[in-house]
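Taking it in order: structure first as structure tokens, then the write-up.
Just so it is clear, none of the values below were taken in a lab; they were calculated from the coordinates. All values derive from a computational prediction rather than experimental measurement. All Cβ positions, glycine included, derive from the backbone under ideal geometry; neighbour counts span all protein chains shown.
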Amino acid sequence: MPSVTGSTTSDSDDVLLARHQNGDDAALNVLFLRYRESAYRVAYRLLSHPEDALDAVQDGFVKAMLHLGRFEHRSSFKTWLMRVVSNAALDFGRARRRRDQLKVAACGQVAPEPPGHEPQVLLEGTELRERLDEALGQLPEQQRRTFVLHMDGGLSYREVAEALEISLGTVMSRLFYARQKLKTLLADRVPS
């Protein structure tokens, strides 16, 4: 559906970015609508909590909008946006952990167990998904982030390398070790 200035959902990212630079605010909205589900999946896999993921996506989108001038077209817009969102999610997670630690220290209490995984809208919420989320949470941060950007963000190996500013070989290595560890963690929980 065309906007007042002519942006359509079928326009390429580059066309939409150019239209936005020429004053078409609807073009930027089309881009964010295009990638909101991928961004949410990435944030959710990094944070394991639906509300936190929504907050991180919103924060990531705001940061992307504020720093759009820094996008240098060295990678695709999607790759750059997923990097911004994953950074926001990791920042959000670190800040949450610091707040939780301060609360525990101030109260002198043992940290409460994290709440059970709530069902995610649509297909999320099954026992298998919960176990996968738990297993993902046990991966080292670099492996988890690489795995999530590839699997949930839909980025190719090369796009993950660009987003994380690492070599293609490092992406392949991290994905290999992440899959191996996930296979081990899920071996006794997932029927063959």
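Once phi is turned into ³J(HN,Hα) by the Karplus curve 6.51 cos²θ - 1.76 cosθ + 1.60 with θ = phi - 60°, what whole-Hz value does each residue of region 49-57 show in order, with x for glycine and proline?
Values per residue, Gly and Pro as x: 8, x, 5, 5, 4, 4, 4, 5, 5 Hz.
Select from region 146-182 those GluC sites (Glu not before Pro) which occupy a DSSP coil region and have at most 10 other Cβ atoms within 10 Å, ordered by residue number.
On the way: sites: 159, 162, 165; in loops: 165.
Hits after loop and neighbour filter: 165.
Roughly how many nanometres apart are two label points built 7 Å out from the Cα toward the Cβ at residue 51 and residue 176?
4.2 nm
Quick one: 3J(HN,Hα) in Hz for region 33-43, Karplus 6.51/-1.76/1.60 with θ = phi - 60°, rounded, Gly and Pro as x.
Each residue of region 33-43 in turn: 5, 4, 10, 5, 5, 4, 5, 5, 4, 4, 5 Hz.
Using R₀ = 35 Å, calculate the FRET efficiency as 1/(1 + (r/R₀)^6) where r is the Cβ-Cβ separation of residue 142 and residue 62; round to 0.05.
Taking R0 as 35 Å, the efficiency between residue 142 and residue 62 is 0.90.
Between residue 158 and residue 9, what is the label-to-label distance in nm when each label sits 7 Å out along the Cα-to-Cβ direction?
Each label point is offset 7 Å from its Cα along the Cβ direction, giving 2.8 nm.
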